[in-house]
Structures are given as C-alpha cells and as structure tokens.
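Only one structure is covered here, and it is reproduced in the block below.
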Amino acid sequence: MKLFEDLKWRGLVDNITSPELEEKLNEDSITFYIGTDPSADSLHIGHFSSLLVAKRLKLGGHNPIILVGGATGLIGDPKPNTERPMIAKETLEYNYKKMSKQIDDLFGFDIVNNYDWSKDINFIDYLRDYGKFFPVPYMLAKDTVKSRLEVGITYTEFSYMIMQALDFLWLLENKNCTLQIGGSDQWGNITAGVELIRKKLGKDSYGMTMPLITKADGTKFGKSESGTVWLDKKKTSPYEMYQFLLNTEDVKVIEYLKKLTLLSKDEIEKEEISLKNEPHKRSAQNKLAETVVEFLHGSDELEKAKKIIECLFQNKINELSKDEILIGFSGVPSFEFNKNDSLLDTLVSSEIASSKREAREFIQNGSITVNGEKVTDLEAINNSLIIHGEIMIIRKGKKNYYIGKLI
C-alpha cells in the first residue's frame, strides 16, 4: 500500500489543499513541518498522534521538521469560545526546552523555534511585508476567526494566522519546506500560509489536515479521570498510560490502533477479527496499551506496568515494591492511620465507613480487604496489615480502593 493510501486507511487525512499532494507523498521526497506551541512543559497523547504521522512520512522517505512555537506561543491560537491566557516568557522558554528534548529523545526530528526568525521583525515591516497580503474579509471567513466574532476576538489573536503563515513562508525559503500538516482545526491557518507563499513568491506549497481524535461521545481524546495523559512519565506514569489505553472503548480501539501505532494493516485487521469474535479477551486494547507504552517508555517500563496490573488484578499487592504500590494507587483516596488504632477506628477516621457499626458490618460481610486479604479481626492493626513498614491498602467492595500511610 502506498503512503497516501495508508494514511487514508488509518483515517489520518481530513483535507488536502491540492490533489497533487497525493502523488508527491507517494513518489517524491519532500520536506514538511508540523507545529505545536509550548503551552505546557510536556507533550500529551494528542501530540503523539501528530508526531507519529511525521514518523510515518519519514519512514516513507520524507524529511520532517517540528516547529515548537516560541513566538506563536506568546500569542496563543484562538480558542473557539474564549481568549487563551497569556503565558510568561520565562515559562514559555522553559516549556520549549522540555518539549524539544522530549521530541528529540523520542523521534530525533529536526526542531525549530519560530521565535528565532520572528523576534527581529519590526511592526512596520510586519504590516508592509506580510499584512498587506491578507484581506480582512478573507481572514474573517476563516473558521477559527468566525467562531469568535460573536463573543469577541482581540487583534492579537486575529493576527495569529499571519504569524503561522509567516512561519510556513520562512521554512520554505530557508529549508525548502513545501508541506504543512496539522489538525483539522488548523485548516484556516494552513491555507493562509499556502496563500501567502503563492502571493509573495509565486510558488506552490501544500497543506494537509488530520481529523482530531475523539472518544466515542465526541469529546476530546487524551483525558483520564486524573487529567491530561502526558508523555512525561513523571506526570503520567507508564502504568497510568497503560491503564488509560486498556480502558479504550470497543468502538474506538481499532481507530486508535490505526492512528497511535505503527502496526501493519494485517496486524490491525487480526485485532479487528479478535474484537468481533472474542471481545471479552480485550486483545485489541492490550495490543494498543503495550505498543504505545513500549514505544514511549521502553520495554522495561512496559513490564513494570504489566506487573502492577497483574498483581492488582490477582490481589497480590504484597508482591509489589513500595514505588510500584504508590504508582498503582496514585489516583485513589488517601488517608493516614495510627498503628495503635483499631481497624474499626481506622475505617471511620478515613471515612471509608460512616460509623463503627457500619465498619463492623463491612468486615463481617467480607466487604473489606487489607492488602488483598480479607480481614476478620475487628480491633488491632498489627504488622501483618502493614506493608513496607508504612503502607496499608484497603478495598471496600469490589472497586473502591484507599491507600493509607502510617503516621
């Protein structure tokens, strides 16, 4: 299967500016760029899909450039309903360094910062050399602007598309970059760059957008119960990422396999058959979680994540190290306990039970486990209920976990 056909099969093509692009991707070797603003100090799982598109094109013989927008990040791409908060220059510089290192470590792509060529453009030159190529009706017709007209848009945000168009122009002139790729919400900004290049230089350039990845209910993909799923393992552990992907809905898992992995068509179609015939095995979800976590964090971190999941599933909490327990239970309610308190007192003080009477009923009914074991002693907390000298994991019922720390 040729490259462009593979991208379409994976659902990674939303729109292109010219039919010629299909042939260029299949037959030529071109330089292209994907941009992102350093609005946080880590990439998230949504960025991963875009960067993986760049990886696919690189494997197909093309040359990727990743633009991390130190200049555009100071302005902020217009949100649909409200203005983005301004980010301090020092914060943006810190975020740029962190993001750039992540991209380099994961992919080894050429990385550029649009602040380098934007910082020396004075206001008069900006208006004369670039602003004159953008008729106001043309800018008002862009979806990113149109959606904001009712609630209001500042001139700063209004100018964002000119800055992004300027980036495309600079990259074409200095790095022979002829293609810009972005999410479907970037179509207006991308086509503005294509138009600027045509009007100012008389040259052809191309744009391609990718559909935004969503969950089954149409909401944005990449949010877990604890928040954004980050690529930085200090912000989202490999276990948390594995668990997030393992919980993928059946109706979306094949789509995610296509967009978030480099698995072949044959491999993905095998998972599709398994999903149809044996959905209870969740083979596709396991394959998704394993493939993504191994790509991002390596085989050792993948095995650690799988060990935590296996021990938790089999109630073998005592087999986990202290660090593994803290990772596995990082998102559950926590409490402090005193070794001299009874288990009944601990259940009440931690608000696991509302009263000693209720706590006693929970224990007698077998609803309480400590560190994976059912308890029958209503009074003492002895050493057998404490692991690693300071931790106690209580489960109420089948799913409600709590992590306790000795004081």
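The figures follow:
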quantity	calculated
Cut-off under 5 Å, modelled amide H: who pairs with Trp230 long-range	Thr236
DSSP bridge pairs, the chain: antiparallel proportion in percent, nearest 5	45
When segment 283-377 is reduced to its Cα atoms, the Kirkwood hydrodynamic radius in Å	15.6
Packing rank of 160-166, 183-189, where each peptide gets the mean count of other beta carbons within 10 Å, highest leading	160-166, 183-189
Pairwise label distance in nanometres, Asn122 with Ile30, each label 7 Å out on the Cα-Cβ vector	3.7
Relative contact order, percent, the chain [alpha-carbon distance under 8 Å, six or more residues apart]	14
Peptide ranges 288-297, 271-280 listed from the most packed, as the mean C-beta count within 10 angstrom indicates	288-297, 271-280
Rg(Cα)/(2.2 N^0.38 Å) for segment 223-314, N = residue count	1.05
Nearest-0.05 FRET efficiency for Arg198 and Thr154, computed from C-beta distance (R0 22 Å)	0.20
Whole-number percent relative contact order across segment 42-179, with pairs defined as alpha carbons under 8 Å at least 6 apart	31
The chain - charge dipole about Cα centre, Lys and Arg +1 at Cβ, Asp and Glu -1, debye rounded to 20	400
The chain: calculated mean residue ellipticity at 222 nm from DSSP helix runs of at least 4, using -39500 (n - 2.57)	-14000 deg cm²/dmol
Sequence-separation-based contact order of segment 11-89, relative, with Cα cut under 8 Å and 6+ spacing, percent	33
Separation of the Trp9 and Leu140 label points, Cα + 7 Å toward Cβ, nm	4.6
From the coordinates shown, Cα extents along the principal axes in Å corresponds to which of (i) 83, 47, 37; (ii) 63, 55, 39; (iii) 58, 50, 34	(i)
Residues in segment 313-348 reached by a label modelled at Leu406 [backbone nitrogen below 13 Å; 7 Å Cα→Cβ]	337-341
Extension gain from Lys356 to Val251, taking 0.36 nm per residue of separation minus the Cα-Cα distance	33.3 nm
Test item: Cα-centred dipole of segment 152-266, Lys/Arg +1 and Asp/Glu -1 on Cβ, debye	280
Cα-based shape type of segment 334-406, given that a ≥ b ≥ c are square roots of the gyration tensor eigenvalues and the cut on a/c is 1.5	rounded
Three-way shape call for segment 59-110 based on the alpha-carbon gyration tensor, with the a/c threshold at 1.5	oblate
Gyration tensor over alpha-carbon atoms, segment 122-161, equivalent ellipsoid semi-axes in Å	21, 11, 6
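Read-outs: derived from the displayed coordinates by stated rules, not from any lab. All values derive from a computational prediction rather than experimental measurement. Counting neighbours? That spans all protein chains shown, and the Cβs are built from the backbone with ideal geometry, glycine included.
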